[in-house]
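The values are calculated or read from the model by the stated rules, or taken from the named source; none is laboratory data. Just so you know, these numbers come straight off a predicted model, no measurement behind them. Cβ atoms come from the backbone with ideal geometry, glycine included; neighbour counts cover every protein chain shown.
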C-alpha cells in the first residue's frame with residue numbers, strides 16, 4: 001500500500017541510482033550489523049546459527065556463503081523488481097535464491113572438501129533460510145540496485161559476525177582451540193557439551209542475555225538523565 | 001488501491017459496488033507470469049550450468065588428491081597407488097571394467113614398485129548415520145593392519161575416538177581377516193565385542209561409552225574385508241605386476 005505513492009514520486013525523480021526509496025547512507029550498511037542484526041535482533045535463521053557454529057571456521061564458511069547468496073539474490077531481485085508480477089514473486093525469489101545456493105554449494109565443494117563435509121546439508125538449506133527470503137521481500141523487491149547491494153552486504157556481514165561470536169565461544173570452551181590452534185595445555189578438559197547441539201542454545205542464550213542487559217542499562221541511563229534534568233528545572 | 005479510492009469517491013453510499021466493480025477486476029497477468037518464470041528459470045539454469053562447468057574438474061581433482069593422501073597415509077612406506085575395480089571376472093584396473101558399480105580398491109606401491117599393501121573401504125551404520133572407513137589390508141598376513149575414518153557424523157568427543165583412542169586402534173594393528181578354505185569369504189567374520197572381552201584376533205574390543213560407533217566400525221571392517229579380501233587373494237598376480 002505504502003509503496004505506490006513512493007513509486008510515483010520516484011518515477012519523476014531525475015537522479016538515476018541513489019535517491020529512490022531510501023537514501024544510501026552509512027546506516028543502510030550498518031543496520032544489518034547492529035540495530036537489525038539478523039540473529040541477535042530479528043532472531044532469523046536460527047537453524048544454521050545453532051547447527052554449524054561448533055567451530056569458528058564453520059561459522060565463517062556458513063556466514064560467507066549466506067552473505068554471497070544474500071547479495072546475489074538481492075541484486076537479481078532488485079533488478080527484476082518492476083518486472084515480476086506479484087502473484088509469482090515468491091516462486092521467482094525462491095528460484096533465484098536456489099540458483100545462488102547451488103552456485104555457492106559447488107564453489108565451497110571446489111574450495112575445501114573439509115569445510116564442505118563439515119557444513120554438510122546446511123549449505124543446501126540456505127535456500128530455506130528466512131533471512132534471505134525476508135530480505136528479498138522486505139528490501140530488495142522495493143529498492144534500487146545499489147542500496148540493495150549495500151544493505152544485503154551489511155546483513156550478510158552481521159550474520160557472519162553473529163555466527164562467529166557463537167562459533168569462537170563454542171570452539172574455545174568445547175574443544176580448547178580457536179581456528180584449529182590449541183589454546184590451552186593438554187591438561188585442559190574440554191567442555192564437550194558446548195560443541196554438541198545443546199551448547200548452541202546455551203551460547204546463543206548467553207549472548208542474547210548480554211545484549212538485552214546492555215540495552216536495558218542504556219535505557220535506564222537515558223531515563224535517569226531525563227529525570228535529573230527535569231528535576232533540576 | 002487506486003480502484004478502491006475511485007470507488008469510494010464515485011459511489012460513497014456503496015450501493016452500486018457490484019456494477020462498479022465488475023469491469024475493473026484486474027485480469028491475472030498470465031503471460032507476464034509465464035514470461036517472468038520462464039526468463040528467471042533460464043537465468044538460473046545458465047548460472048548453475050556455468051558454476052558446474054567451472055567447479056566440476058576442480059572438485060574431481062581435489063577428491064582424487066584426498067583419496068590418494070588417505071591411501072598413502074594409511075599404508076606406511078607407500079609412494080604411489082593404483083585403483084582396481086572388483087568385477088565378476090576378478091580385479092581389473094579402474095576405468096577398464098565392463099560394468100560400472102564395482103567396489104574400488106586401492107593398491108599402494110613403494111618406490112621400487114613393490115606392492116606395499118591395499119586400502120579397502122567399508123560402511124557401517126553408526127550413531128548418527130553412515131560411517132565410512134578405509135582399512136589397510138596386508139595380503140601376505142591376510143589381516144587388516146590399519147584404519148582411518150573417512151566420513152562420520154558421530155558425536156564429537158565419543159565417535160572421534162575411533163581414530164584417536166590408542167587402545168581401540170590396537171585392534172586394527174593385526175585384525176585377522178583370513179579366508180575360509182574355499183577362498184570365498186572370511187573364515188571368521190569380524191565382530192565387535194564388549195570392552196575387555198576380546199579373545200580372538202578377529203574380534204574388536206569396543207570403546208566404553210561409544211559402543212554403537214565401535215560396532216559400526218566392526219561392521220565396516222567386516223563388509224570391507226568380505227567384499228575385497230577374496231578378490232585380492234585371487235588377483236594377487238595382477239596386483240603385483242608392474243604397471
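For (1) within 20 Å of the chain's Cα centre (by Cα); (2) surrounded by 11 or more Cβ atoms within 10 Å (Cβ to Cβ); (3) within 24 Å of residue A:106 (Cβ to Cβ); (4) modelled with pLDDT under 90, each residue gets a yes or a no:
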{"position": "B:27", "(1), (2), (3), (4)": "no, no, no, yes"}
{"position": "B:43", "(1), (2), (3), (4)": "no, yes, yes, no"}
{"position": "B:55", "(1), (2), (3), (4)": "yes, yes, yes, no"}
{"position": "B:59", "(1), (2), (3), (4)": "yes, yes, yes, no"}
{"position": "B:63", "(1), (2), (3), (4)": "yes, yes, yes, yes"}
Go through segment A:114-126 and report how many residues are crowded, with 19+ Cβ neighbours inside 10 Å and either part of a helix (DSSP H, G or I) or touching a strand residue (DSSP E or B) at 6+ places or on another chain (Cβ under 6 Å) (or both). 3
What's the number of the condition residue B:188 fails, among (1) in a loop (DSSP other than H, G, I, E, B); (2) modelled with pLDDT of 85 or more; (3) touching a helix residue (DSSP H, G or I) at 6+ places or on another chain (Cβ under 7 Å)? (3)
All but one of (1) away from every other protein chain (no Cβ under 14 Å); (2) free of Cβ contacts under 8 Å to residues at least 24 places away in the same chain; (3) in a helix (DSSP H, G or I) hold for residue A:198; which doesn't? (1)
Please go through (1) part of a strand (DSSP E or B); (2) at pLDDT below 85 for residue B:182 and return the number of the only condition it doesn't satisfy. (1)
Just checking, does segment A:205-217 include any residue being in contact (Cβ under 8 Å) with a residue 24 or more places away in the chain and over 19 Å from the mean Cα position of the chain (by Cα)? no
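Residues of segment B:184-202 being more than 16 Å from residue B:137 (Cα to Cα) and over 25 Å from the mean Cα position of the chain (by Cα), which ones? Break it down into steps so the answer makes sense when it comes.
Within segment B:184-202, the first condition is being more than 16 Å from residue B:137 (Cα to Cα), and the residues that meet it are B:184, B:191-200.
The answer is B:184, B:193, B:194, B:195, B:196, B:197, B:198, B:199, B:200.
Answer yes or no: is there a residue in segment B:152-174 that is in a strand (DSSP E or B) and surrounded by fewer than 15 Cβ atoms within 10 Å (Cβ to Cβ).
Going residue by residue through segment B:152-174, those that are in a strand (DSSP E or B) are none.
No, that holds for no residue.
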So which residues in segment B:123-179 are under 24 Å from residue A:197 (Cα atoms), touching a strand residue (DSSP E or B) at 6+ places or on another chain (Cβ under 9 Å) and away from every other protein chain (no Cβ under 14 Å), if there are any at all? B:124, B:125, B:162, B:163
Out of everything in segment A:43-70 that is touching a residue at least 24 places away in the same chain (Cβ under 8 Å) and assigned to a loop (DSSP other than H, G, I, E, B), what residue ends up being nearest to the other protein chains (Cβ to nearest Cβ)? A:54
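Would you tally the residues in segment A:71-113 being closer than 23 Å to residue A:55 by Cβ, at the interface with chain B (Cβ under 9 Å from one of its Cβ atoms) and in a helix (DSSP H, G or I)? It would help to see each step written out before you state the result.
Here is the first cut: in segment A:71-113, the ones closer than 23 Å to residue A:55 by Cβ are A:101, A:104-113.
Now narrow it down to the ones that are at the interface with chain B (Cβ under 9 Å from one of its Cβ atoms): A:104-107, A:109-113.
Cutting the leftovers down to in a helix (DSSP H, G or I) gives us A:104-107, A:109-111, A:113.
Number satisfying all stated conditions: 8.
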Output yes when any residue across segment B:180-192 is in contact (Cβ under 8 Å) with a residue 24 or more places away in the chain, buried (at least 18 other Cβ atoms within 10 Å of the Cβ) and closer than 30 Å to residue A:194 by Cβ, and no when none is. yes
